[in-house]
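Below is one structure; the comments refer to it alone.
The values are calculated or read from the model by the stated rules, or taken from the named source; none is laboratory data. Keep in mind it's a predicted model, so treat the numbers as computed, not measured. Neighbour counts run over all protein chains shown; Cβ positions are idealised from the backbone, glycine included.
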Amino acid sequence: MEIYLHSRPAGLVAEAILSIVADLTGEWFTTDVAPATERDLLFQDVFCAIQDGRIRSFIMFTSHDGAIHITLTGTSPAYRGQGIGSALMKRLELHAGALGFDEIVVFTVPPASKPVYQATVDFYRKHGFKVVKEYRELWQNGALELRKSLRESSQY
Ligand SMILES: CC(C)(COP(=O)(O)OP(=O)(O)OC[C@H]1O[C@@H](n2cnc3c(N)ncnc32)[C@H](O)[C@@H]1OP(=O)(O)O)[C@@H](O)C(=O)NCCC(=O)NCCS
């Protein structure tokens, strides 16, 4: 597997990311995610993992209030559970730490409102994220905020 960092990807890289988003739309993502991602790509950075000659997984991120925010991540359904998402997460952690960031933040869908997201929350927990807040008013069915500290001594 190879991992590349793309800043504001366009062209074929953007197409590959949007194709993974399309594959995850329905079971996971609502239909508004693809057009929103197309616009977000104009401003954000993405680590992409190549397996069998194609981009199979991505992790898109930005900085907000001084912390790295994962804005979207996804692995092609046929490539899930092979460690690709974990490799991207580790690469993002190294990247964020090297840039001097202390924290990574991610918002996701509460499994209580959409049970498939239990696997997603388990994935983030496995990588050391902790649920810090639930917002009932965000998105269609609420959102969970998870945070991971990149420093040894922290409240998270
Ligand atoms: C979450 C996601 C990005 C992880 O990517 P991945 O390449 O599958 O990640 P890995 O293979 O490194 O880790 C898989 C982990 O996910 C969890 N998982 C749960 N159900 C799973 C399933 N059916 N297949 C694969 N992994 C599953 C497990 O915790 C697993 O850990 P394990 O290796 O100890 O079993 C990916 O599964 C995905 O695209 N999910 C749907 C979209 C999504 O929820 N995106 C995040 C929105 S905020």
Enumeration of residues in segment 121-148 that are small (G, A, S) and modelled with pLDDT under 95 = G142
Which numbered condition T120 fails, given (1) farther than 24 Å from S19 by Cα; (2) touching a Pro at 6+ places or on another chain (Cβ under 9 Å); (3) of a type in the set (V, I, T) = (1)
For residues that are more than 16 Å from the chain's Cα centre (by Cα) and within 13 Å of the ligand (Cβ to nearest atom), scanning just segment 106-134, find the one that is surrounded by the fewest Cβ atoms within 10 Å (Cβ to Cβ).
-> P115
Assess whether R80 counts as being without any contact (Cβ under 8 Å) to a residue 60 or more places away in the chain, among the charged types (D, E, K, R) and crowded, with 18+ Cβ neighbours inside 10 Å.
-> no
Residues being outside any strand (DSSP E or B) and surrounded by 12 or more Cβ atoms within 10 Å (Cβ to Cβ) - total across segment 23-50 = 12
Cβ pairs under 7 Å, 6+ apart or interchain, first in segment 106-126 and without any contact (Cβ under 8 Å) to a residue 24 or more places away in the chain, second loosely packed, with under 14 Cβ neighbours inside 10 Å and not in a strand (DSSP E or B), ordered by first then second residue, are P111/Q118
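Give the residues of segment 87-133 that are among the basic types (K, R) and part of a loop (DSSP other than H, G, I, E, B), sorted by residue number. Working first, answer last.
Initial filter on segment 87-133 (among the basic types (K, R)): 90-91, 114, 125-126, 130, 133.
Of everything in segment 87-133, just one residue is among the basic types (K, R) and part of a loop (DSSP other than H, G, I, E, B), namely K114.
Select, from E137, E103, the only residue that is in contact with a Lys or Arg (Cβ under 9 Å, 6 or more places away or on another chain), farther than 16 Å from F58 by Cα and surrounded by fewer than 18 Cβ atoms within 10 Å (Cβ to Cβ). Steps first, please.
Numbers: E137 fails: in contact with a Lys or Arg (Cβ under 9 Å, 6 or more places away or on another chain).
Of E137, E103, the one residue that is in contact with a Lys or Arg (Cβ under 9 Å, 6 or more places away or on another chain), farther than 16 Å from F58 by Cα and surrounded by fewer than 18 Cβ atoms within 10 Å (Cβ to Cβ) is E103.
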Could we say that V21 is of a type in the set (V, I, T), under 22 Å from P110 (Cα atoms) and without any contact (Cβ under 8 Å) to a residue 40 or more places away in the chain here?
-> no
Considering only segment 51-86, state which residues are within 10 Å of the ligand (Cβ to nearest atom), of a type in the set (D, E, K, R) and not in a strand (DSSP E or B).
-> R80
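Going by what's in this entry, would E27 be described as in contact with a helix residue (DSSP H, G or I) (Cβ under 9 Å, 6 or more places away or on another chain) and charged (D, E, K, R)?
Numbers: in contact with a helix residue (DSSP H, G or I) (Cβ under 9 Å, 6 or more places away or on another chain): yes; charged (D, E, K, R): yes.
Yes: the conditions hold for E27.
From the residues in segment 140-155 that are surrounded by 15 or more Cβ atoms within 10 Å (Cβ to Cβ) and over 28 Å from A98 (Cβ atoms), which one is nearest to the chain's Cα centre (by Cα)? Quick ask: steps written out before the conclusion?
Our first condition is that a residue be surrounded by 15 or more Cβ atoms within 10 Å (Cβ to Cβ); within segment 140-155, this holds for 142-150.
From what's left, over 28 Å from A98 (Cβ atoms): 142-143.
On the way: G142: 17, A143: 14 Å.
Residue satisfying both the conditions and the ranking: A143.
So is G26 touching a residue at least 24 places away in the same chain (Cβ under 8 Å) and within 14 Å of the ligand (Cβ to nearest atom) or not?
Numbers: touching a residue at least 24 places away in the same chain (Cβ under 8 Å): no; within 14 Å of the ligand (Cβ to nearest atom): yes.
Judged against the criteria, G26 is not a match.
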